[in-house]
Ligand code: KIV
């Protein structure tokens, strides 16, 4: 069994200091967490992408703290060696500092080791309050999906130099407020590198090029469980969706033709019991 990943062990990881890039993947249930952990990932993110890839919504705005806690608990029951980070969903950290700490505590009590929240400098009071309550926080800047309406869609951020510089200020402020790592999503490669250079905590990229201190992808994207949308930044390592459809089709055919279940896949009475019931026949053997 590999050693457990801890917040302090993540905080110190920088590729520029010779460290190997961090690996994070999302998971939303116990079997997914077991697969990710057996694969040796460093961190499992119970992402609010839950809304889109598991619950069938069109954006991440629909999930609640209760939804996130439910799925965080399922992941935690797998007892992964990976660090479990749970997303604070939209509106769970926007109203007040008190609300933020209470909502984050629900995710920690469900089994998360840390929480992640989206946004830069305007979230600093929330980040500071969480750190003060001994709750480790991962930041998330760039394309922040909870801002889909404010951004006018899922759009690459930091394309202009002033927007890129603003992101660098956000990254430094989050680090200063106590974030132990920062997800950088949907920015040009050059901006991903600049943000990584700007801070001493690791940056975890998604659609931010190869220059960050780690990468994160969504479980269903890596495994090709869905192929309705393939963002440019996704690499599929399997086609489980197609394989699953093929397998379910074969099962349906076998049921319809009577090929499933066979004798080996059935329970049988001992011969004396079968006789006592007046049942005879080769199929009872
Ligand atoms: O919810 C999520 O899956 C995420 C990652 C894409 C970073 O926030």
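FYI, it's all coordinate maths here, none of it is from the lab. Bear in mind that the values here come from a model prediction, so they are computed numbers and not experimental data. Note that each Cβ is placed from the backbone with ideal geometry, even for glycine, and that neighbours are counted across all protein chains shown.
Structural remarks
- Gain in span if fully extended, residue 160 to residue 176, counting 0.36 nm per residue against the direct Cα distance: 3.3 nm
- Per-residue Cβ neighbour counts within 10 Å put 41, 23, 115 in the sequence 23, 41, 115, beginning with the fewest.
- Förster radius 30 Å - calculated FRET efficiency between residue 243 and residue 265, Cβ distance, rounded to 0.05: 0.90
- Cα-based Rg and Dmax for the range 89-180, where Dmax is the largest Cα-Cα distance (Å): 13.4, 41
- Mean Cβ neighbour count within 10 Å, used as a protection proxy, ranking 121-128, 137-144, 216-223 highest first: 137-144, 216-223, 121-128
- Estimated FRET transfer efficiency (residue 121, residue 79; beta-carbon r; R0 25 Å; 0.05): 0.10
- Spacing of the two label points (7 Å from each Cα toward its C-beta) at residue 16 and residue 2, in nm: 2.6 nm
- Value of [θ]222 nm, deg cm²/dmol, for the chain, DSSP H segments ≥ 4, -39500 (n - 2.57) each, nearest 500: -11500 deg cm²/dmol
- Hydrodynamic radius by Kirkwood, which averages 1/r over all alpha carbon pairs of the range 243-284, in angstrom: 12.3 Å
- For the chain, the antiparallel share of DSSP beta bridges with both residues in that region comes to about 5%.
- Normalised by 2.2 N^0.38 Å, where N counts its residues, the alpha-carbon radius of gyration of the chain equals 1.24.
- Based on every Cα atom in the range 1-137, Rg and the maximum pairwise Cα distance Dmax equal 14.7, 41 Å.
- Stretching residue 109 away from residue 228 to a fully extended chain increases their span by 39.4 nm, per 0.36 nm per residue minus the current alpha-carbon distance.
- Summary value for the range 1-153: 20 percent relative contact order, contacts being C-alpha pairs under 8 angstrom separated by 6+ residues.
- Taking every DSSP beta bridge that has both ends in the range 117-216, the antiparallel portion is near 10%.
- With neighbour counts taken as other beta-carbon atoms within 10 Å, the residues 79, 116, 172 rank, fewest first, as 79, 172, 116.
- Once C-alpha pairs closer than 8 Å and six or more residues apart are averaged by separation and normalised to the residue number of the chain, the relative contact order reads 15 percent.
- Distance between modelled label sites at residue 134 and residue 39, nm, 7 Å Cα→Cβ extension: 3.3 nm
- For 245, 60, 26, the sequence from fewest to most other C-beta atoms within 10 Å is 245, 60, 26.
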